[in-house]
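The values are calculated or read from the model by the stated rules, or taken from the named source; none is laboratory data. Bear in mind the structure is a predicted one, so any value in this text is a computation, not a measurement. All Cβ positions, glycine included, derive from the backbone under ideal geometry; neighbour counts span all protein chains shown.
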Amino acid sequence: MNKSFASDNHAGIHPALLEAMIDVNQGHCPSYGQDPWSHKLKKLLKQEFGAVDSFLVFNGTAANVLSLQACLKSFESVLCTDVSHLNVDECGAPEKIVGSKLVSVPSQNGKFNLDELESIIFRNGDQHFSQVRALSLTQPTEYGTLYTPDEIKRLRVFCDQHQLYLHMDGARLSNAVAALGCGWKEILKGIDILSFGGAKNGFLLGELVIVFKEGLEKDLKFYRKQSLQLPSKTRFLAAPFLKYFENNLWYEIASHENSMAKRLYEGLKASPQVQMTQPCQVNSVFCILPKEIIKPLKKKFFFYVWNENSFEVRLMTSFDTSKEDVDSFLEELNNLLK
Ligand SMILES: Cc1ncc(COP(=O)(O)O)c(C=O)c1O
């Protein structure tokens, strides 16, 4: 079977991350975060990320929902983009579980437009309106675009002006950090709470809610349990994260994924029949393909049509996408375009 270009979570488990699970599969040890690996991970995130506290959960939707739950009361709302995973792909989980309103804001290349944000009318204090209390950005965005540390700084200033918490959905944050060539602390400056992803970078499962703003951690362990997201055998989630952060495995994986996407982007761009729709900054490529080649190409290399009207497709690379996979995809595409 050819590799899929549909999503980075179509890949299996990275061998080193699987090995980390096997390494800790010995004997008995305390559960629910009381094992040595979970303690070590919390310590590492304090040192490397500047975290106040961190919480392992099973999946990314839960990390987002719990992050918002830490920030919002039921009568408060969060600003998010119209294309955000929160708004489009979580089946209303934030609304159901947090009970809060999502305020969807038009986006540009997947990002908040800072000038448009300024025109949002806040009716905080008025009992008839849901009270805006947080802003959630995705880094990298659902369109594979990036906020620079300076743009995040501007969002922070905006949040401070309106007393909002700043949440980051970092399901693929490693790809962003590898692409920007900055440090964890630099990209996270001004962020109050983060959903940090594992699955998209080669984990079996396990994501983190990482708290930076003192006080937001207070009730999270209770919300996590109530939301059915407290794993018991936490050593198997914590150990792969330790392996990931040690010896820069995260960088190796993310920069490889990014460079494979760049190769794919350049190959597609060379074809006059293909229209690129987004810059390629991380591990996704967005372009419009001629309608007639989509079906036969998809049969050989699975991928998703992102926009059924325009035939814009999304192609994603994974930790195990090779140069040969990319070149075979391009060869097949060029044969179909002849
Ligand atoms: C940007 C973003 N956030 C959050 C998630 C949620 O992840 P999960 O499917 O693990 O709930 C995804 C998954 O596709 C995502 O792309």
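Here TYR147 qualifies as at pLDDT 95 or above and within 16 Å of the ligand (Cβ to nearest atom). Of all the criteria given as (1) under 16 Å from the mean Cα position of the chain (by Cα); (2) under 23 Å from LYS46 (Cβ atoms), the one not satisfied by THR141 is (2).
Selection of the range 111-155 for residues being part of a loop (DSSP other than H, G, I, E, B) and free of Cβ contacts under 8 Å to residues at least 12 places away in the same chain yields ASN113, SER119, ILE121, ARG123, GLY125, ASP126, GLN127, HIS128, PHE129.
Consider the range 225-234 and keep the residues that are more than 20 Å from LYS46 (Cα to Cα) and touching a residue at least 12 places away in the same chain (Cβ under 8 Å). The one that is nearest to the ligand (Cβ to nearest atom) is GLN229. Applying a threshold of 9 Å to beta carbon distances and a minimum spacing of six or more residues, or different chains, the list of pairs starting in the range 325-338 at a residue that is without any contact (Cβ under 8 Å) to a residue 40 or more places away in the chain and ending at one that is among the aromatic types (Phe, Trp, Tyr) reads GLU332/PHE301.
Of the candidates VAL313, VAL305, VAL326, the single residue that is buried (at least 21 other Cβ atoms within 10 Å of the Cβ) and in contact with a strand residue (DSSP E or B) (Cβ under 7 Å, 6 or more places away or on another chain) is VAL313. Each residue in the range 160-176 was checked for being away from the ligand (no atom under 15 Å from the Cβ) and touching a residue at least 12 places away in the same chain (Cβ under 8 Å), and 5 of them qualify. Of all the residues in the range 197-215, those that are away from the ligand (no atom under 16 Å from the Cβ) and within 13 Å of MET168 (Cβ to Cβ) number 3.
Conditions (1) outside the structural domain of LYS43 (by TED's automatic domain parsing); (2) closer than 21 Å to GLU48 by Cα; (3) not hydrophobic (A, V, I, L, M, F, W, C), marked per residue:
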{"residue": "LEU166", "(1), (2), (3)": "no, yes, no"}
{"residue": "GLU186", "(1), (2), (3)": "no, yes, yes"}
{"residue": "GLY198", "(1), (2), (3)": "no, yes, yes"}
{"residue": "ARG224", "(1), (2), (3)": "no, no, yes"}
{"residue": "PHE241", "(1), (2), (3)": "no, yes, no"}
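The rows are residues; the columns are (1) without any contact (Cβ under 8 Å) to a residue 40 or more places away in the chain; (2) of a type outside the set (A, V, I, L, M, F, W, C).
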{"residue": "SER4", "(1), (2)": "no, yes"}
{"residue": "ASP8", "(1), (2)": "no, yes"}
{"residue": "ASP23", "(1), (2)": "no, yes"}
{"residue": "GLY27", "(1), (2)": "yes, yes"}
{"residue": "PRO30", "(1), (2)": "yes, yes"}
{"residue": "ASP35", "(1), (2)": "no, yes"}
{"residue": "LEU41", "(1), (2)": "no, no"}
{"residue": "LYS46", "(1), (2)": "yes, yes"}
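Step by step: first the residues of the range 48-80, then only those that are β-branched (Val, Ile, Thr) and within 11 Å of the ligand (Cβ to nearest atom), then the one that is surrounded by the fewest Cβ atoms within 10 Å (Cβ to Cβ). Which residue is that? If we take residues in the range 48-80 being β-branched (Val, Ile, Thr) and within 11 Å of the ligand (Cβ to nearest atom), then THR61 is surrounded by the fewest Cβ atoms within 10 Å (Cβ to Cβ).
Looking across the range 166-194, just one residue is in contact with a Cys (Cβ under 9 Å, 6 or more places away or on another chain) and surrounded by fewer than 22 Cβ atoms within 10 Å (Cβ to Cβ), and that is GLY190.
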